[in-house]
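The values are calculated or read from the model by the stated rules, or taken from the named source; none is laboratory data. Bear in mind the structure is a predicted one, so any value in this text is a computation, not a measurement. Note that each Cβ is placed from the backbone with ideal geometry, even for glycine, and that neighbours are counted across all protein chains shown. Side chains are part of the model used for accessible areas, which takes the heavy atoms of the whole protein and leaves out ligands, DNA and RNA. Shrake-Rupley method; radii C 1.70, N 1.55, O 1.52, S 1.80 Å.
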Amino acid sequence: MHVGLLTGGGDCPGLNAVIRAVTLALASDETRVTGIQRGFWGLLHGASRPLEPAAVRGILAEGGTILGTHNRCDPFRDVDGVDRSAQALFYAVDVLKLDALVAIGGDGTMAIAERFHRLGLPVVGVPKTIDNDLPENDRSFGFDSAVAVVAEALDRLATTARSHGRVMIAETMGRYAGWIALEGGLAGGADAILIPELSFDLEALVAFCRERESREGHTLICIAEGAKATGHGFTVKARLEGSPDPLRLGGVGAWLQAQLEPQLQSEVRATLLGHVQRGGTPTAFDRVLATRFGCHAAQLVREGRFGRMVVLRGADCSSVPLSDVAGRSRPVPLDHELLVAAHHIGTFL
Ligand code: F6P
């Protein structure tokens with residue numbers, strides 16, 4: 001059997017751990033594994049390399065992806081709008097003669113993988129995103145690592161907030177979902193946590209900061225890049241043509257600083273955490289979760305159960321049809337226990 005493996009979308013801590021697990025788990029069978037380079041771009045440009053156990057030695061704790069990735073390549077609608085899926089299929093089926101493809105990626109990658117599966121390429125998906133926003137899946141690898149970075153950043157920003165009597169704002173990633181800001185904010189003891197699922201009232205936030213100015217002297221705010229004040233839209237940083245999800249959010253922290261500063265006595269500073277949340281070595285939790293996902297994907301390949309994405313449900317790995325996932329996301333439910341907890345401890349939401 002010949003299995004292709006690719007990583008699509010943004011990089012994420014734990015990708016190499018999945019690559020390693022799939023390669024090692026299939027190595028014991030009569031199976032050859034080939035890594036497709038830079039995601040679906042590699043299928044379009046004939047870029048691949050053999051993956052043998054020796055090639056994945058020592059990569060468990062390494063950040064990023066040894067295969068490279070590309071977040072602007074959708075073979076069904078490449079940068080110039082042309083559908084090149086037949087060309088990609090030709091390389092996968094006729095040149096490489098793949099019997100299966102394991103696609104590790106976020107929602108964009110899963111949507112593309114699902115379309116290839118419908119065209120007859122047997123595909124297994126593995127969910128990857130620091131945003132933790134893939135449907136049907138309780139936890140994606142990379143999320144825990146991102147949350148750890150946010151928590152540490154808030155710990156550090158709190159030092160300046162307390163010493164200078166300032167309002168310190170940390171802006172997290174997460175796109176249209178608030179998981180990173182919510183969990184990171186709780187872990188870092190943020191006084192206010194602002195997420196996309198709950199538009200916030202700017203005047204109420206000013207009043208909250210004023211009250212803290214007189215009582216505590218400082219405020220720590222954790223804001224998701226997709227958060228918005230009531231009556232305002234998303235803060236968009238850029239538009240990347242050719243990307244399955246072209247809008248790049250960013251800058252709402254700086255926007256909030258500009259809104260708050262004229263209305264408060266304290267100085268306000270905003271820090272954009274950006275790609276620091278996505279880089280570097282995965283936490284132990286993410287290494288284990290990524291290894292479990294990789295082994296489960298290999299098992300699905302062995303059993304010939306294609307068109308499915310690996311998921312974590314409660315404590316167990318299982319899988320769901322890719323068609324249940326493609327084109328959907330997983331926002332924080334408004335009755336989520338973490339939101340309730342944040343509310344109980346007096347966090348501004
Ligand atoms: O989906 C992961 C993510 O890191 C988002 O949280 C963020 O909005 C986006 O990717 C950034 O993408 P890029 O690296 O293309 O700017």
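Numbers below:
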{"item": "Heavy-atom accessible surface of region 134-176: percent carbon and sulfur, 1.4 Å", "result": "46 percent"}
{"item": "Relative contact order %, region 32-135, counting alpha carbon pairs below 8 Å whose residues are six or more apart", "result": "21 percent"}
{"item": "Two-site FRET efficiency, Glu261 against His232, from Cβ-Cβ distance with R₀ of 22 Å, rounded to 0.05", "result": "0.80"}
{"item": "Proximal lysines to Lys237, defined as alpha-carbon separation beneath 21 angstrom and excluding residues fewer than eight positions away on the same chain", "result": "Lys228"}
{"item": "Protein accessible area in region 1-118, 1.4 Å probe - carbon and sulfur %", "result": "49 percent"}
{"item": "Rg/Rh for region 155-196, where both radii come from Cα atoms and Rh is the Kirkwood radius", "result": "1.00"}
{"item": "Accessible surface ranking that places the most exposed of Arg166, Arg248, Arg77, Arg32 first, with a 1.4 angstrom probe", "result": "Arg32, Arg77, Arg248, Arg166"}
{"item": "Surface accessible to a 1.4 Å probe, Arg115 within the full protein complex, Å²", "result": "100 Å²"}
{"item": "Net charge dipole size for the chain [Lys, Arg +1 and Asp, Glu -1 on Cβ; Debye, nearest 20]", "result": "700 debye"}
{"item": "Counting DSSP beta bridges with both ends in the chain, the antiparallel % (nearest 5)", "result": "30 percent"}
{"item": "Overall form of region 15-106 per C-alpha gyration tensor (a/c, 1.5; a/b vs b/c)", "result": "oblate"}
{"item": "Environment charge of Glu203, counting only residues whose C-beta is closer than 14 Å and scoring Lys/Arg +1, Asp/Glu -1", "result": "-1"}
{"item": "His232 accessible area, assembled protein chains, probe 1.4 Å, Å²", "result": "90 Å²"}
{"item": "In Å, descending, principal axis extents of the Cα set of region 108-249", "result": "65, 31, 24"}
{"item": "Shape category assigned to region 257-324 from the gyration tensor of Cα positions, a/c cut at 1.5", "result": "prolate"}
{"item": "Cα gyration tensor category, rounded, prolate or oblate, for region 40-90 with a/c compared to 1.5", "result": "oblate"}
{"item": "In Å², nearest 10: area of Leu349 left accessible to a 1.4 Å probe", "result": "50 Å²"}
{"item": "Per residue solvent-accessible surface (Å²) - the chain, probe of 1.4 Å", "result": "40 Å²"}
{"item": "Relative pair counts by distance (%), Cα atoms of the chain, 20 Å bins", "result": "31, 51, 17, 1"}
{"item": "Normalised contact order of the chain, rounded percent, pairs of Cα under 8 Å and 6 or more residues apart", "result": "22 percent"}
{"item": "Listed residues Gly189, Leu15, Leu202: farthest to the positive end of the dipole of the chain (Cβ charges)", "result": "Leu15"}
{"item": "Among 167-175, 268-276, the order from most to least packed when residues are scored by Cβ within 10 Å on average", "result": "167-175, 268-276"}
{"item": "Relative contact order (%) - criterion: Cα under 8 Å, at least six apart; region: region 15-88", "result": "35 percent"}
{"item": "Among beta bridges that DSSP assigns inside region 145-277, antiparallel share in %, nearest 5", "result": "15 percent"}
{"item": "Dipole magnitude (debye, nearest 20) for region 242-317, charges at Cβ of Lys, Arg, Asp, Glu", "result": "440 debye"}
